[in-house]
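Presented below is the structure to which this report refers.
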Amino acid sequence: MNRIFTLMFGLSLVLYLSNTTLAQGKVGDHAPEPAQRVDHDRDVDHSKTHGKADAQEDGKEANFVGRIQRSPELTEKLQALLPKTGPNSTLAGAAMSFRSEGQFIATLHASKNLGIPFDQLKATMMGNPPTTPSMKLGQAIHALKPNLSDKEVYKQADKAEKEAK
């Protein structure tokens, strides 16, 4: 009786598994042929970036500006550090090209602490990639204030980064 039961169970398991495989169309390489070949290469310009990469960068930049603007206290504090005129006189304009909220706010603080115009500090940090490379905050401070020692530059950059937090 046990042998018959085991035999019946084994056969039913084999049948069940074979039906599952047949239903997926994977037995004997008899998978259905695609109705039409999709060749997206003709429709896509591979010399451009597409969709998600661009949207994510724009989203990140707009994201931290939006986050700042949702905090009235932070907005007020940062508005006081911004230049009074020019393209960098608004939060959105000043934050443009910065990779992160921390980098942006630290640059504002360093500008105020050292008396370096924000426009100059930002331009030095962002550089002009074909001719002038971008710089970190400390490097930009040193470029604009060459009379400061490396130790003082590090101290000022660190102070600005801590004030940004």
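Key figures
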read-out	value
Residue match in segment 21-31 (condition: surrounded by 10 or more Cβ atoms within 10 Å (Cβ to Cβ) and modelled with pLDDT of 75 or more)	no
Cβ pairs under 8 Å, 6+ apart, first in segment 76-104 and more than 12 Å from V65 (Cα to Cα), second part of a helix (DSSP H, G or I) and among the aromatic types (F, W, Y)	L81/F118; L82/F118; P83/F118; N88/F118
Residue satisfying condition, being within 22 Å of the chain's Cα centre (by Cα), modelled with pLDDT of 90 or more and within 20 Å of A157 (Cα to Cα), within set G102, G93	G102
Candidate set from segment 113-161 (those that are in contact with a helix residue (DSSP H, G or I) (Cβ under 6 Å, 6 or more places away or on another chain) and acidic (D, E)); member that is surrounded by the most Cβ atoms within 10 Å (Cβ to Cβ)	E161
Residue count for segment 123-165, restricted to those that are touching a His at 6+ places or on another chain (Cβ under 8 Å), of a type in the set (A, V, I, L, M) and under 22 Å from F64 (Cβ atoms)	2
Segment 47-79, residues that are over 17 Å from G102 (Cα atoms) and either among the β-branched types (V, I, T) or at pLDDT 50 or above (or both)	S47, K48, T49, P72
Pick from segment 90-139, criterion in a helix (DSSP H, G or I) and of a type in the set (S, T, Y), ranking: farthest from K151 (Cα to Cα)	T124
Selection within segment 109-122 - under 22 Å from F64 (Cα atoms) and either touching a residue at least 40 places away in the same chain (Cβ under 8 Å) or in contact with a strand residue (DSSP E or B) (Cβ under 9 Å, 6 or more places away or on another chain) (or both)	H109, A110
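The values are calculated or read from the model by the stated rules, or taken from the named source; none is laboratory data. Everything quoted here is computed from the prediction, not taken from an experiment. Because the Cβ atoms are built from the backbone with ideal geometry, glycine has one as well, and the counts that use them run over all protein chains shown.
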